[in-house]
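Working notes for the structure below.
The values are calculated or read from the model by the stated rules, or taken from the named source; none is laboratory data. Since this is a predicted model, take the numbers as computed values, not measurements. Glycine gets a Cβ as well: all are built from the backbone with ideal geometry, and neighbour counts include every protein chain shown. The protein model used for the area step is the full one, side chains on, heavy atoms only, and it has no ligands, DNA or RNA in it. Shrake-Rupley method; radii C 1.70, N 1.55, O 1.52, S 1.80 Å.
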Amino acid sequence: MTSVATLHTPEPTPARQSTPRRFVMCRPDHFDVFYSINPWMNPAEPVDRTLALAQWETLRTTFERYGHDIDLVPGEPGLPDMVFAANSGLVIGGRAMSARFTHPERAAEGPAYHDWFARCGFTELVAAHEINEGEGDFLRVGPRILAATGFRSSPAAHREVARYFGRPVVSLELVDPRFYHLDTALMALDEDNIAYFPAAFSADSRAILTALYPDAIVATDADAVVLGLNGVSDGFNVFVSNRAAGLSAALRARGYNPVGIDLSELLKAGGGVKCCTLELH
Ligand code: ARG
């Protein structure tokens, strides 16, 4: 039998490189929705904690299967959102800053996470003075930090982070309450590219993002409303909602490997993959 030569060679995609990461996670032992601080949270809708635990466990073991290390922070009773470890602070190059939350419902998470960072041996550790919801609103992309304000972290927090970490901080403004944290509307893909949902940002911020990231993946409404942008990338594998079909296809077309994750139960609190994951950079 003769083989037929391929007439069309596939489009070359850039070679992507996965690098092992260290993530902090908090098991949703106390997960619940009994208050509402974002439009996703409806305390009248029941939460299946057993399912939340199983979905979260799948995320954890998936990270491990792809070669990433996980540090576990114990959750605390009465702090149902503590599972969203991304909000605990920001850790870059051995320096750590623990969060200061906007809402009294989450205020006690700041000191709880701070104590954990201290127990972990971070000596360069401060508690944020300004309202600062950690990697929910501050995402390191290469040398710079993209930071959001509008719903949670304050502009003063952006200045505080720039001073403490000695890095340029780009301030962005969120305008749609469904996308109340930066990581609900923008995902770092690698050291120099992002995916984002433009309608979540003010016109000025959209102009900044277009100028900084002309090759960004621009997500659709359908991807954004399932919190598809709330993903975690290791430079090649992108852990992303299994409901974000368009975004997954776009990632694949750019040479990334989307890994679908189902966190439907945590979505009831407005959280997804990235919310559950703090990266120790
Ligand atoms: N219920 C939590 C809140 O509104 C969800 C936090 C999700 N975390 C995140 N990094 N976006 O604060």
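Key figures for this structure:
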quantity: Selection count where residues are touching a strand residue (DSSP E or B) at 6+ places or on another chain (Cβ under 6 Å) and surrounded by fewer than 22 Cβ atoms within 10 Å (Cβ to Cβ), scope the range 223-236; calculated: 2
quantity: Any hit, the range 6-13, residues being on the phi < 0 side of the Ramachandran plot, modelled with pLDDT under 95 and open to solvent by less than 80 Å² (accessible area, probe 1.4 Å); calculated: yes
quantity: Filtered residues of the range 118-174 (kept if of a type in the set (Ser, Thr, Tyr), touching a residue at least 12 places away in the same chain (Cβ under 8 Å) and farther than 19 Å from Ile194 by Cβ); calculated: Ser154, Tyr164
quantity: Residues of the range 240-267 classified as in a loop (DSSP other than H, G, I, E, B), under 15 Å from Ala54 (Cα atoms) and among the charged types (D, E, K, R), total; calculated: 1
quantity: Condition check for Val170: out of contact with any Gly (no Cβ under 7 Å at 6 or more places or on another chain) and crowded, with 21+ Cβ neighbours inside 10 Å; calculated: no
quantity: Where Ala207 falls short, out of the listed (1) within 15 Å of the ligand (Cβ to nearest atom); (2) among the hydrophobic types (A, V, I, L, M, F, W, C); (3) farther than 27 Å from Trp40 by Cα; calculated: (1)
quantity: Subset of the range 60-76 [open to solvent by 60 Å² or more (accessible area, probe 1.4 Å) and within 16 Å of the ligand (Cβ to nearest atom)]; calculated: Glu76
quantity: Residue check, Leu59 more than 19 Å from Val232 (Cβ to Cβ) and either assigned to a strand (DSSP E or B) or of a type in the set (A, V, I, L, M) (or both); calculated: no
quantity: Selection within the range 46-81 - under 22 Å from Phe101 (Cβ atoms) and of a type in the set (A, V, I, L, M); calculated: Val47, Ala52, Leu72, Val73, Leu79
quantity: Within the range 250-280, tally of residues that are away from the ligand (no atom under 16 Å from the Cβ), surrounded by fewer than 20 Cβ atoms within 10 Å (Cβ to Cβ) and over 27 Å from Val47 (Cα atoms); calculated: 6
quantity: Residue list for the range 88-98, restricted to those being out of contact with any Leu (no Cβ under 8 Å at 6 or more places or on another chain) and buried (at least 24 other Cβ atoms within 10 Å of the Cβ); calculated: Leu90
quantity: Flag if Ala156 is among the hydrophobic types (A, V, I, L, M, F, W, C) and surrounded by fewer than 16 Cβ atoms within 10 Å (Cβ to Cβ); calculated: yes
quantity: Condition check for Glu57: within 16 Å of the ligand (Cβ to nearest atom) and surrounded by fewer than 22 Cβ atoms within 10 Å (Cβ to Cβ); calculated: no
quantity: So Asp183, is it more than 15 Å from the ligand (Cβ to nearest atom) and in a helix (DSSP H, G or I); calculated: no
quantity: Search result, residues across the range 191-220 that are of a type outside the set (Ser, Thr, Tyr), open to solvent by 60 Å² or more (accessible area, probe 1.4 Å) and within 16 Å of Arg252 (Cα to Cα); calculated: Asp215, Val218
quantity: Some residue of the range 31-42 being surrounded by 13 or more Cβ atoms within 10 Å (Cβ to Cβ), in contact (Cβ under 8 Å) with a residue 24 or more places away in the chain and more than 16 Å from the ligand (Cβ to nearest atom); calculated: no
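A quick yes/no check of all residues on (1) open to solvent by 20 Å² or more (accessible area, probe 1.4 Å); (2) basic (Lys, Arg); (3) under 17 Å from the mean Cα position of the chain (by Cα):
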position: Phe101; (1), (2), (3): no, no, yes
position: Ala107; (1), (2), (3): yes, no, no
position: Gly110; (1), (2), (3): no, no, no
position: Phe122; (1), (2), (3): yes, no, no
position: Phe138; (1), (2), (3): no, no, yes
position: Gly142; (1), (2), (3): no, no, yes
position: Ile145; (1), (2), (3): no, no, yes
position: Arg163; (1), (2), (3): yes, yes, no
